[in-house]
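Everything on this sheet refers to the single structure shown next.
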Amino acid sequence: MPPSAAANRSQRLATVYEALVARPNSTVSALVGKTKLSRPTVTTLLESLTELGLIAPQGAEGSLGRPAETWAPRDEAGVVIGVDFLHRSALIATARLDGEIIAVEHHDRISVDRAPRLETLATLIARQIKNHAHGPVRAVVVSTTGTVDLDGRIKRTDAVPQWEGLALGHELSERLGLPVHIENDVNAAAYGEFVLRCGDGSLSPTDDLLLIAVSRAIVTGLVLGGTLHRGHNQNAGEVGIHLVDGYGPAAAMGRVAESIGTISAVLDPAAIVLAVPNRNASVLAQISAHLSTRESSAAELNLEFSRMGQGSALVGALSLALQDARAAVFGQRTGLITTPRGLDVITAIVSRGTHYPMSPAQSPGEHDTLRIGVVGVGARCDIAKHFELPGVGGRIVAAADPHPDAKARVLSRLGREDIVLTRDVAGLVAQGIDAALVTSPDDTHAEVACELLRAGVPVYVEKPLATRFEDGIAILRTAYETGTKLYVGHNMRHMNVVRSMRDLIQMGAIGEPKAIWCRHFVGNGGDYYFKDWHATREHGTGLLLQKAAHDLDVMHWLANSHTERVTAMGGLTLYDQITDRQDRSSQLMGEWFSMDNWPPLSQKGLSPVIDVEDLSMMLMEMESGLFASYQQCHYTPDYWRNYTVIGTEGRLENFGDGEGGQIKLWNRRHIYNPDGDAHYPIKGDADGHGDADILTISEFVSFITQGTPTDTSPLGAWYAMAAAIAATDSIRAGSVPRTVPALEPEVIEYFTNNQVK
């Protein structure tokens, strides 16, 4: 067959197949009307598509006279896989050949080291290949950061320099046994935005689209005549303009507008799409204002936002995979554009703010070191020293604390004499701080945090968020109204035991979670909580808040839900029997703590006032319908927490919560099997949550400097705090059930959207 005839036949096969995708169960007559092909041609093409295994007759369509046979795409015609593989996270999706998405997964905390990173990517794709029953895998496209050559080799990447020179396409093809196409992430995003507009008719398959991606630098992706334009050396789009001050200041907006105006004046594309973090509307307005001052025709350009945000590259990868698959099936590429269907699940994942590229900005240098202030120089303030670790980019310059011993505590806890000491927050702010760590007593959090937020100082508040409902609401509301960034130090979300259990749950190891139980053996409770202000309702509310807030946040995170209703029992069952009391307001916990304080009734020097429970048990019903229980005892001989998560297909349980412990999985039926069906070692956190403290401080800095989404959440901190307070109230009201108060919808939306309105 001559080449032109073969191309024509491929085009017609694709045209009929696309018509059936758009309208399954069509008759020959309906296809003739849709494709404008003759009836004999359509009939012949249907036979060919059936032989290729792409479609199947569906029976007769009822009507007067002789019923007409109908046709539809086969679900088993095959699948394509698309991946968007970023600095630390990945989105991976599988779609049938007809474009219907059948599976989407998100994974984070991906290593940047070469070997484990490659192994992770290959494993994710292999699992998608294994977990479907829709025919052969016909194409795989991976979108990744960096410049990629035509053979799928990573030429350069600022985000993951360890990958430079890696023949990624070849490596994956060898491991998976099928061809893998590698594409730059901005190119993939541009193509994703293009196919979305072709799908709704706002662009034609031969139009041009320019994508301008703005974060800490300007990069572009370009579709020309319906085809990605990569350039002679695959460097097209590498504009290379770094916005040191981010994307907000007017000067930076001028540079963005200049780039858009210059590029679009040359290309005159049908669509210009702007991709900025969190769809910041003020950015669009600022760029449009700058464009309006130009004398060129660029002033009349109609800018619009990216439709899929961080999901665009995955849409592009899937669309390119569908193109590759159709080309393989039909023998040649066609000019038809296929838009994946069922994008809601991608949108839902992206909206969580957990799939995000690393900013191309360099690490802070000496000239842009963050000036850190600390409020409260008590037992917990020494986590501030993590700001000064290499690569974090902060330096403690001031502290605020009215305590008479504050100066000595600054030296002993923070280790430096040059830290300026003030008595109040106003004095701290006057030192020109860039961010503040709040480790003052918990009942002061609202007053301190709100004053800092109103002063425009980003705030890291040590957990719990507050000790009263109204105080927690005040902090969230102030952050929402001012737009100043808020972070709450629920560091257990960064502990290996928690992350490992969550990963196993998200991978489907136990099916759908239905119940979570937590037992917390607080062996150090007498020293930690019954010798200072923590022992009083006045300053601490109760130990279901002070101690359980950590575990409640973890349980909510594992469940991907939050508590709506609680009931609880508990009481002061042991420490009220100790009569040896002492005012320790001039001491810190490290000065009286000893493992020799055993048995519990031998403790000495307890707080003069003790009116909180030392034994508590609570039951929870979550928004998702999951049920949970929590038990806490402050005089056990051992000190660790045990989580049990039960799902529809198994259960998980941890034994130990630090280095040397393990997580066990049961996913087969047994009478009794203490070893479980699989074991997972717990790594790190040998000395408690010290490692996690470093990770939360680093996450906070990344969040306030680059807008990077966080694993911790002020909204999650509220739900943990609110559940604990409601349960404490239930105990003191005779175990009467309590409902957790609801937050205002706009506040929930704000914090769900990574603190962007």
Within region 643-662, can you find the residues that are of a type in the set (D, E, K, R) and either without any contact (Cβ under 8 Å) to a residue 24 or more places away in the chain or closer than 15 Å to residue 520 by Cα (or both)? 653, 657
Before we move on, is residue 645 open to solvent by less than 20 Å² (accessible area, probe 1.4 Å) and at pLDDT below 95? no
Go through region 590-624 and give me each residue that's farther than 22 Å from residue 544 by Cα and not aromatic (Phe, Trp, Tyr). 590, 591, 594, 595, 596, 597, 599, 602, 604, 605, 624
Which residues, taken from region 740-757, are within 22 Å of residue 309 (Cα to Cα) and without any contact (Cβ under 8 Å) to a residue 40 or more places away in the chain? 748, 749
If you scan region 486-507, which residues turn out to be open to solvent by 10 Å² or more (accessible area, probe 1.4 Å) and touching a Gly at 6+ places or on another chain (Cβ under 9 Å)? 493, 496, 505
Of 362, 332, 323, the only residue that is open to solvent by 30 Å² or more (accessible area, probe 1.4 Å) and modelled with pLDDT of 90 or more is 323
Any residue at all in region 163-181 that is open to solvent by 20 Å² or more (accessible area, probe 1.4 Å), within 19 Å of residue 264 (Cα to Cα) and in contact (Cβ under 8 Å) with a residue 40 or more places away in the chain? no
Going through 539, 534 one at a time, which residue ends up being open to solvent by 20 Å² or more (accessible area, probe 1.4 Å), touching an Asp or Glu at 6+ places or on another chain (Cβ under 6 Å) and modelled with pLDDT under 95? 539
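Does residue 734 qualify as being more than 17 Å from the chain's Cα centre (by Cα) and more than 22 Å from residue 556 (Cβ to Cβ)?
Taking the combined requirement at face value, the residue satisfies it.
From the list 158, 151, which one is touching a helix residue (DSSP H, G or I) at 6+ places or on another chain (Cβ under 9 Å), assigned to a loop (DSSP other than H, G, I, E, B) and at negative phi?
Only one candidate passes the filter, namely 151.
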For region 496-607, give me every one of the helices (runs of 4 or more DSSP H) that falls completely inside it and has 1 or more residues that are over 22 Å from residue 632 (Cα atoms). 496-506
For region 115-162, give me each residue that is over 27 Å from the mean Cα position of the chain (by Cα), open to solvent by 50 Å² or more (accessible area, probe 1.4 Å) and farther than 24 Å from residue 508 by Cβ. 138, 150, 151, 153, 155
Within region 691-739, the count of residues that are open to solvent by less than 30 Å² (accessible area, probe 1.4 Å) and either without any contact (Cβ under 8 Å) to a residue 40 or more places away in the chain or in a helix (DSSP H, G or I) (or both) comes to 24
List the number of the failed condition for residue 201; all other conditions in (1) within 29 Å of residue 307 (Cα to Cα); (2) in contact with a Lys or Arg (Cβ under 9 Å, 6 or more places away or on another chain); (3) surrounded by fewer than 17 Cβ atoms within 10 Å (Cβ to Cβ) hold. (2)
Condition (residue is touching a residue at least 12 places away in the same chain (Cβ under 8 Å), within 26 Å of residue 535 (Cβ to Cβ), over 25 Å from the mean Cα position of the chain (by Cα) and surrounded by 24 or more Cβ atoms within 10 Å (Cβ to Cβ)) applied to region 473-483: is it met by at least one residue? no
List, please: which pairs have Cβ atoms under 7 Å, are six or more places apart or on different chains, and start with a residue in region 8-30 that is under 12 Å from residue 49 (Cα atoms) and open to solvent by less than 10 Å² (accessible area, probe 1.4 Å) and end with one that is in a loop (DSSP other than H, G, I, E, B) and not aliphatic (A, V, I, L, M)? 10/331; 10/332; 10/334; 14/334
Give me the pairs: first residue in region 117-140 and within 17 Å of residue 166 (Cβ to Cβ) and in contact (Cβ under 8 Å) with a residue 12 or more places away in the chain, second residue hydroxyl-bearing (Ser, Thr, Tyr) and outside any strand (DSSP E or B), beta-carbon distance under 8 Å, and six or more apart or on different chains, which are they? 117/111; 120/111
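Of a type in the set (Val, Ile, Thr), closer than 30 Å to residue 123 by Cα and open to solvent by 10 Å² or more (accessible area, probe 1.4 Å) - does that describe any residue in region 553-561?
no
The values are calculated or read from the model by the stated rules, or taken from the named source; none is laboratory data. As the structure is a computational prediction, the values presented were derived from the model and not from experiment. No Cβ is skipped: glycine too gets one built from the backbone with ideal geometry, and neighbour counts run over all protein chains shown. Heavy atoms of the whole protein, side chains included, go into the accessibility calculation; ligands, DNA and RNA do not. Shrake-Rupley method; radii C 1.70, N 1.55, O 1.52, S 1.80 Å.
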